[in-house]
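Q: Okay, here's the structure, questions in a sec.
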Amino acid sequence: MPEWIAEKGIGEARFALVDKDEIIEARIELEGIVRAGTALTATLLRAGRNGVARDGDGNEYLLPAGAPGIIEGAAFDMIVTRSAIPNTESWKRPLGRVSNGDGNDGQLAARNGVLSADWDELIDEARSGIVRFGGGELSISPTPAMTLIDVDGTLSAKELALAGARAAARAIRRLDIGGSIGIDFPTISGKAERQAVGEAIDAILPKPFERTAMNGFGFVQIVRPRKHASLVELAQDRAAFEARALLRRAGRETGAIRLAAHPAVIALLEKKADWISQLARQVGGVVGLRVDASLPISGGYAEPA
């Protein structure tokens, strides 16, 4: 039976739904981000549709449905409906709504553990946006409007569309992609063939979601709930993403170590003394930093100090 496993990391918490050592769904929750589902008290800053509220920690939330009956400056009970999406336009605040007394902390029911080696493969897919499958590959590109997935490969158009549909559905779930998603398939003729592509998606991607039928140009749009950032979106904040990934790898070491990494990663870690202190306690030794401009941003490693 698939089960959720939680792994507490430095700067993040990682969750994966694992079935026979394969990750079929994953999520990363960043330190300091208020998760969707959290109930809190907020102050209304601006009334009306697309109102704005602020919580006690100074975080601002957009209220798409407004806050009927609440005057500006008043405190009210709020539910966070979408957590902050890092590295997006500053005006895209996290979302909230007036509480009906139905809030919870949004925490997954998961047992604590260590995620399998498949996690490293998943992180590489998130950072590269490339997901390979037999006879082809997906290219995943997040944009402000939607996440775009391009299907390409060497199979015939019909075979590639079907294989790509299955791979895209798995990738959407594995990489925790929500919101509006556009998939560009090879153009195939025939209503039955295009319908089969939609059915292949439906068979793998769990509800709730809505999708269009494939049009004559091979395009399918899917809309899923978007309550938090996908792994692909998190990877766009490259220095922070790679710093946390490096800390996870380094945590497997013991004793005094030195982290060698790209200048952007080291610059970020120099500002995160608490992260370095946590790693030092984890490995049982002093942790130093070394800039290596010859390394790619994802190529950091731990070396003996």
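Read-outs: derived from the displayed coordinates by stated rules, not from any lab. For clarity, every value in this text was computed on a predicted model and none was experimentally measured. A quick note on method: Cβ atoms are made from the backbone with ideal geometry, for glycine too, and the neighbour counts reach across all protein chains shown.
Q: Tell me, in nm to one decimal, what length is gained between ARG111 and ILE24 on full extension, where the rule is 0.36 nm per residue of separation less the Cα-Cα distance?
A: Details: separation 87, 0.36 × 87 = 31.32 nm, distance 1.62 nm.
Full extension from ARG111 to ILE24 adds 29.7 nm.
Q: Taking the Cα centroid of segment 265-305 and of segment 191-240, what is the distance between the two, rounded to the nearest whole Å?
A: 37
Q: How large is ³J(HN,Hα), in whole Hz, for each residue of segment 45-52 in order, when computed from phi with the Karplus curve 6.51 cos²θ - 1.76 cosθ + 1.60 and θ = phi - 60°, using x for Gly and Pro?
A: 8, 9, 8, x, 4, 6, x, 10
Q: Return the lysines within reach of LYS227: Cα separation strictly under 26 angstrom, same-chain partners fewer than 8 residues apart disregarded; answer none if there are no such residues.
A: LYS8, LYS92, LYS207
Q: Please say if the chain is rounded, prolate or oblate, where rounded means a/c under 1.5 for a ≥ b ≥ c the square roots of the C-alpha gyration tensor eigenvalues, and otherwise the choice is prolate for a/b larger than b/c and oblate otherwise? Kindly include the intermediate steps, with their values, before the conclusion.
A: Details: a/c = 1.94, a/b = 1.08, b/c = 1.80.
Oblate.
Q: Next up: How high is the relative contact order of the chain, in percent, counting Cα pairs under 8 Å that sit 6 or more residues apart?
A: Working: 641 pairs, mean separation 43.7, N = 305.
Computed over the chain, the figure is 14 percent.
Q: Which one, ALA192, VAL220, SER139, is farthest towards the positive end of the dipole of segment 118-224 when Lys and Arg carry +1 and Asp and Glu -1 on their Cβ?
A: Checked the options; the winner is ALA192.
Q: Mind sorting ILE33, ILE71 by how few other Cβ atoms lie within 10 Å of their own Cβ, fewest first? Present the calculation step by step, with values, prior to reporting the outcome.
A: On the way: ILE33 19, ILE71 9.
Exposure proxy ranking, most exposed first: ILE71, ILE33.
Q: Sticking with the crude label model, points 7 Å out along Cα→Cβ, report the distance from ILE204 to ARG290 in nm, one decimal please.
A: With each label point 7 Å from Cα toward Cβ, the separation is 4.3 nm.
Q: Sticking with the crude label model, points 7 Å out along Cα→Cβ, report the distance from ASN50 to ILE71 in nm, one decimal please.
A: 2.6
Q: Between LYS8 and ALA192, how high is the FRET efficiency from 1/(1 + (r/R0)^6) when r is the Cβ-Cβ distance and R₀ = 51 Å? Nearest 0.05. If you can, show how the numbers build up before the last one.
A: Values: r = 49 Å, r/R0 = 0.96.
Computed FRET efficiency for LYS8 and ALA192 comes out at 0.55.
Q: Read phi for every residue in segment 218-227 and hand back ³J(HN,Hα) as whole Hz from Karplus 6.51 cos²θ - 1.76 cosθ + 1.60, θ = phi - 60°, with x for Gly and Pro.
A: x, 9, 10, 10, 10, 10, 10, x, 10, 9
Q: Quick one: which residues, 5 or more positions from ALA84 or on another chain, have an amide H under 5 Å from its amide H? H modelled 1.01 Å from N in the peptide plane, none for Pro or chain starts.
A: Sorted by chain and number, the residues that satisfy this are VAL34.
Q: What fraction of the Cα pairs in segment 237-304, stated in percent, has a spacing above 14 angstrom? Write down the numbers at each step before the final one.
A: Values: 1110 of 2278 pairs.
Looking at segment 237-304, the distances longer than 14 Å represent 49 percent of pairs.
Q: If the only charges are +1 at each Lys and Arg Cβ and -1 at each Asp and Glu Cβ, what is the size of the charge dipole of the chain around the Cα centre, to the nearest 20 debye? Don't skip to the end; give the middle numbers.
A: On the way: 37 positive and 40 negative charges, 79 e Å.
Charge dipole of the chain: 380 debye, to the nearest 20.
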